[in-house]
């Protein structure tokens, strides 16, 4: 399916970057894939682990909500240790009774339903937060990939500028070019080397920024060889829009509605007064007789006291429906914008790769031959080299925009960011 392929774009849609992008040092570092990074964050990130204790707390609330009203054992001694005829214990009356509450209106079921709805909503909340974190991992991983690609471009620029310096020195020795050409070429070479150093620092910072997500203090790893210029086609807007209905961002409203309905049911049950009952026996100490005692009481005015809570629950449900509508519109607007950015950026990548860069490469090669033959000036060759490097960087930035938009689409639609969700984490050493 095209939508499934879109979900793999950042993970496996990147081929191989030039080896120089990975050869940062002689130290052998473990290779980490995007799948492995996603799995690490999913396993150890505290915001996700926090849902474990929260689930335990909600389970405890569910157990408490399922409890029936407690029974009470009462002992009562009357007419003892008084004066006159009530002097002594012969006139005393001892009562033993069992008391409780008979709940009316389905309060027990309403409490259990509300507690269960909160448990169910927690799972959707966790999935929403997990998708946000997975999208953040993908963005930081993409930033590392981008830094590797910038290093590769800078290295190619250095090699091109070095050829210019060498050619300018040969022409200077032959008396066919002034020393200014050599000095200018060496300046542009130094600038290219500075670009590479800056890209290397960005790569180290990006790896460290990525490692922070799973709590690592040192970024002692390298990322898998990837090619950000491999931008896939994605599904049309109508297909992606259909996926919005199942996204956790909207699913949470369904569970929130269940919670609101449970609250309304609980408030409605409070409108029916409970019965307090008591049943026991009384011993008349003077006559040694036994008697059965009992009582039933009911609070008046429960419906009036429960009405405000019912109105509040009804108002919350009405507001929830409007909030869902607003969220759906916002999600769709974001999806349209991200879809447009991805399509536009993907077209730019293809146009630059198929039309602009091949022509610039041919023009730069022809300019080099002409310069070496003395038929072209230094500035023309250097200008073509600069334009070629600028086009390469423009293509890279367009590819990065396409991948960033794709990550946002995946987050919005709730599609898994793992390339192989059921596969175990794979790490290796080069």
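The values are calculated or read from the model by the stated rules, or taken from the named source; none is laboratory data. As the structure is a prediction and not an experimental result, all values here were calculated from the model. Glycine gets a Cβ as well: all are built from the backbone with ideal geometry, and neighbour counts include every protein chain shown.
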Inset, instruction - Quick one: which residue in 333, 363, 345 is surrounded by 15 or more Cβ atoms within 10 Å (Cβ to Cβ), under 30 Å from the mean Cα position of the chain (by Cα) and part of a helix (DSSP H, G or I)? - result: 345
Inset, instruction - Given the conditions (1) under 19 Å from residue 396 (Cβ atoms); (2) in contact (Cβ under 8 Å) with a residue 60 or more places away in the chain; (3) surrounded by 17 or more Cβ atoms within 10 Å (Cβ to Cβ), report the number of the one that residue 199 does not fulfil. - result: (2)
Inset, instruction - Scan the range 162-188 for residues that are at pLDDT below 85 and exposed (fewer than 15 other Cβ atoms within 10 Å of the Cβ) and jot them down. - result: 173, 174, 175, 176, 178
Inset, instruction - Check whether at least one residue in the range 261-272 is closer than 15 Å to residue 103 by Cα, out of contact with any helix residue (DSSP H, G or I) (no Cβ under 7 Å at 6 or more places or on another chain) and in contact (Cβ under 8 Å) with a residue 24 or more places away in the chain, and report yes or no. - result: no
Legend entry - Test: residue in the range 211-223 that is modelled with pLDDT of 85 or more, in contact with a strand residue (DSSP E or B) (Cβ under 8 Å, 6 or more places away or on another chain) and buried (at least 20 other Cβ atoms within 10 Å of the Cβ): yes
Legend entry - the range 92-106, residues that are more than 54 Å from the chain's Cα centre (by Cα) and within 11 Å of residue 74 (Cα to Cα): 94, 95, 96, 97, 98
Inset, instruction - Select, from 130, 163, 140, the only residue that is within 30 Å of residue 60 (Cα to Cα) and in contact (Cβ under 8 Å) with a residue 60 or more places away in the chain. - result: 130
Inset, instruction - Would you point out which residue out of 249, 238 is free of Cβ contacts under 8 Å to residues at least 60 places away in the same chain and farther than 30 Å from residue 149 by Cα? - result: 238
Legend entry - Qualifying positions in the range 372-384 - surrounded by fewer than 22 Cβ atoms within 10 Å (Cβ to Cβ) and either touching a residue at least 40 places away in the same chain (Cβ under 8 Å) or closer than 20 Å to residue 148 by Cα (or both): 372, 374, 378, 382
Inset, instruction - State whether one or more residues within the range 296-304 are closer than 20 Å to residue 109 by Cα, in a helix (DSSP H, G or I) and under 44 Å from the mean Cα position of the chain (by Cα). - result: no
Legend entry - Matching residues, the range 16-45, being modelled with pLDDT under 50 and buried (at least 17 other Cβ atoms within 10 Å of the Cβ): 17, 21, 22
Legend entry - Filter pass, residue 283 being in contact (Cβ under 8 Å) with a residue 60 or more places away in the chain and in contact with a helix residue (DSSP H, G or I) (Cβ under 8 Å, 6 or more places away or on another chain): no
Legend entry - Of all residues in the range 63-86 being modelled with pLDDT of 80 or more and assigned to a loop (DSSP other than H, G, I, E, B), the one that is farthest from residue 102 (Cα to Cα): 66
Legend entry - Leading residue by the ranking (farthest from residue 413 (Cα to Cα)) among those in the range 210-227 that are over 22 Å from the mean Cα position of the chain (by Cα) and either touching a residue at least 60 places away in the same chain (Cβ under 8 Å) or outside any loop (DSSP other than H, G, I, E, B) (or both): 220
Inset, instruction - State yes or no: is residue 192 under 30 Å from residue 346 (Cβ atoms), touching a helix residue (DSSP H, G or I) at 6+ places or on another chain (Cβ under 6 Å) and assigned to a helix (DSSP H, G or I)? - result: yes
Legend entry - Hey, residue 349 within 18 Å of residue 227 (Cα to Cα) and touching a residue at least 24 places away in the same chain (Cβ under 8 Å) or not: yes
